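A.B. asks: To start, I am sharing the structure in question, which I have written as structure tokens.
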Amino acid sequence: MIDYAIWKRGIGSGVVAGIVWGWLAMLIHTVTGISPVEHSILYNMFPFTIGGVIFGILSGGLLALIHDRLPFKTSFGKAVMLTSLIWLMLHVGGFLLSLIDSGRYHYSSREAVHGLILFVLLGGILGAVWQVRNRGWRV
Amino acid sequence: MEQCIEKENSLAGILLLVLFMVISAIAMGVIVYGIDSVMPGAHNSFHDFRHFIGMPCH
């Protein structure tokens, strides 16, 4: 049986982690400059926040659902594994689309590695928020 | 207290969360692949974000 309260808490943790991740991602983007930027930082605050929240909701919700079934002992490891798998799944879809229409979906392995690192970061933040919200700080 | 727990775990509540997750998953697909036919302007609005998370784009 799905525990409503834990699931709700997982989604809440995801929203918090997603917002932090989205803003952090923007900061990292200004440092790495991995891809040419089309919009201003002020404009990008909106898509990066919305994107972060969406990814956070899904990651947090899924983490709450399958937390006990994932390998790794710590929530940190579980969350990193989950977000990396989500990225991999989305990336396979993107890669297939690039094979179908390479003009519309141009593949860049440099950006792909960058994206994977970012999703590991999202998992790390989510794991930390999950830990704090569920058990409090424990070293 | 039991009533409270029952209310929390009600079918309607669970279904609402499932719906919320499904909508979020669709939104994620629209953002990641820039599907303008579902949400006009999705491609352009999330262009930098999509590049940044390593998704193929033009």
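A.B. asks: Can you tell me, using C-alpha contacts under 8 Å and at least 6 residues apart, the relative contact order of chain A as a whole percent?
C.D. replies: So the answer I get is 34 percent.
A.B. asks: Within chain A, what's the longest stretch lacking chymotrypsin sites (Phe, Trp or Tyr not before Pro) that sit in DSSP loops with no more than 13 other Cβ atoms inside 10 Å?
C.D. replies: Here the longest segment lacking exposed loop sites spans A:1-71.
A.B. asks: On to the next question. Could you tell me how many degrees, from 0 to 90 and to the nearest 10, lie between the Cα long axis of helix A:109-135 and the main elongation axis, the longest principal axis, of the Cα atoms of chain A?
C.D. replies: Roughly 20 degrees, rounded to the nearest 10.
A.B. asks: With point charges of +1 on the Cβ of Lys and Arg and -1 on the Cβ of Asp and Glu, referenced to the Cα centre of segment A:4-134, which listed residue (A:65, A:98, A:55) lies farthest in the positive direction of the dipole?
C.D. replies: Sorting the options by dipole projection puts first A:65.
A.B. asks: In addition: Roughly how many Å is it from the Cα centre of segment A:64-131 to that of segment A:10-32, as a whole number?
C.D. replies: Taking the Cα centre of each part, segment A:64-131 and segment A:10-32 sit 14 Å apart.
A.B. asks: Tell me, what % of the accessible area of segment A:4-134 is carbon and sulfur with a 1.4 angstrom probe?
C.D. replies: Whole-percent figure for carbon plus sulfur exposure: 74.
A.B. asks: Which semi-axis lengths, in whole Å and largest first, follow from the square roots of five times the eigenvalues of the Cα gyration tensor of chain A?
C.D. replies: 28, 18, 13
A.B. asks: Probe of 1.4 angstrom, ligands and nucleic acids ignored: what's the accessible area per residue over the protein assembly as shown, in square angstrom?
C.D. replies: I get 53 Å² per residue for this part.
A.B. asks: Moving on to the next point. Using only Cα atoms, find the angle between the long axis of helix A:41-66 and the longest principal axis of chain A, and express it within 0 to 90 degrees, rounded to the nearest 10.
C.D. replies: Taking the Cα atoms of chain A, the angle to A:41-66 is about 40 degrees.
A.B. asks: Grab the eigenvalues of the alpha-carbon gyration tensor for segment A:86-126, scale each by 5, take roots, and send me the semi-axes largest first in whole angstrom. It would help to have the intermediate numbers written out before the result.
C.D. replies: Numbers: eigenvalues 103, 21, 6 Å².
Calculated on Cα positions only, the semi-axes equal 23, 10, 6 Å.
A.B. asks: Fully extended, how many nm does the chain gain between residue A:92 and residue A:113 (0.36 nm per residue separation, minus their Cα-Cα distance)?
C.D. replies: Answer, rounded to one decimal: 6.2 nm.
A.B. asks: Just counting partner chain Cβ atoms within 10 Å, what average do the residues of peptide A:35-48 show around their Cβ?
C.D. replies: Values: counts 7, 2, 4, 4, 6, 1, 1, 0, 2, 6, 0, 3, 10, 5.
Per residue, the average neighbour count from other chains is 4.
A.B. asks: In terms of solvent-accessible area of protein heavy atoms at a 1.4 angstrom probe, what is the ranking of B:19, A:116, A:99, highest value first?
C.D. replies: Values: B:19 100, A:116 65, A:99 120 Å².
Order by accessible area, largest first: A:99, B:19, A:116.
A.B. asks: Tell me: how much accessible area in total is hidden between A and B, 1.4 Å probe, Å², nearest 100?
C.D. replies: Buried surface at the A/B interface: approximately 3600 Å².
A.B. asks: Also, I was wondering about something else. Within chain A, what's the longest run with no trypsin sites (Lys or Arg not before Pro) in a DSSP loop and at most 12 other beta-carbon atoms within 10 Å? Give the range, please. Present the calculation step by step, with values, prior to reporting the outcome.
C.D. replies: Details: sites that count: A:73, A:138.
Looking at chain A, A:1-72 is the longest stretch - no exposed trypsin sites (Lys or Arg not before Pro) with at most 12 other Cβ atoms within 10 Å.
A.B. asks: For residue A:106 and residue A:41, what does the FRET efficiency come to when R0 = 25 Å and r is the distance between their Cβ atoms, rounded to the nearest 0.05?
C.D. replies: E between residue A:106 and residue A:41, to the nearest 0.05, is 0.55.
A.B. asks: Quick check for me: using +1 on Lys/Arg Cβ and -1 on Asp/Glu Cβ, what's the dipole size of segment A:44-124 about its Cα centre, in debye to the nearest 20? Before the final figure, lay out each step's value.
C.D. replies: On the way: 5 positive and 3 negative charges, 34 e Å.
Approximately 160 debye in magnitude.
The values are calculated or read from the model by the stated rules, or taken from the named source; none is laboratory data. Every value quoted in this text rests on a predicted model; they were computed, and no experiment measured them. For neighbour counting, all protein chains shown are included, and Cβ atoms are generated from backbone atoms with ideal geometry for every residue, glycine included. When the accessible area is computed, the model is the full protein with side chains, heavy atoms only, and any ligands, DNA or RNA have been set aside. Shrake-Rupley method; radii C 1.70, N 1.55, O 1.52, S 1.80 Å.
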